[in-house]
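Below is one structure, written out as structure tokens; comments come after it.
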Amino acid sequence: MPDPLKKGDLFHIVAASSAITKKEDLHSGIKVLQKWGLICNQIDNIGRSWGYLAGNDEVRFNELHPDDQYPLLAFARGGWGSARLLEKRQPWKEGWMIGFSDLTSLLLARLASGFQGGIHGP
């Protein structure tokens, strides 16, 4: 299992599925993580869309696999579209991932690749 999260850890918001249409819901979730003492990186995916998705496949894939290492990747929302990202080889990294709904495909693909730390939840 990945190391436990600790106060001051930076987390990355990933919009791998449907576009973020209710920024209030996203900010509510971020506030929960901030109450745990975690720090959110810059959010630049609110309002981004490609049809009903939160960007084209390449944009969403790159957001799922940032250059920097984060102890937590938190998915902005479910919906539809994340399974499309599994058509490419996934360069998974150690750490935690949390999401549900459509994101179950990514959590299970990551687990099948030998990476623990997936949390199925909002």
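Please treat every number below as a calculation from the coordinates, not as lab data. Quick caveat, the model's predicted, so the values are computed rather than measured. Cβ placement follows ideal geometry from the backbone for every residue including glycine, while neighbour counts extend to all protein chains displayed.
For the chain, the share of DSSP beta bridges that are antiparallel, to the nearest 5, is 15%.
Quick check: from the Cα gyration tensor, does the chain come out rounded (a/c under 1.5), prolate or oblate? It comes out oblate by the Cα gyration axes. The range 17-53 and the range 94-122 have Cα centres separated by 18 Å. Counting 0.36 nm for each residue step from Gln34 to Val59 and taking away their Cα separation leaves a gain of 6.4 nm. Round to the nearest 0.05 the FRET efficiency obtained for Leu10 and Ser49 when R0 = 30 Å and r is the Cβ-Cβ distance. The pair Leu10/Ser49 has a calculated efficiency of 0.70. If you run the Gaussian network model on the chain, springs between alpha carbon atoms under 10 Å, then out of Ser17, Ser105, Ser82 the most flexible one is Ser105.
Spin-label pair Met1-Leu111: with each label point 7 Å from Cα along the Cα-Cβ axis, the two points sit 1.4 nm from one another. For the range 9-90, applying the loop criterion from DSSP together with a ceiling of 15 other beta carbons within 10 Å to the trypsin sites (Lys or Arg not before Pro) yields Lys22, Lys88, Arg89. The label-point distance for Ile119 and Asn41, in a model that sets each label 7 Å from Cα toward Cβ, rounds to 1.8 nm.
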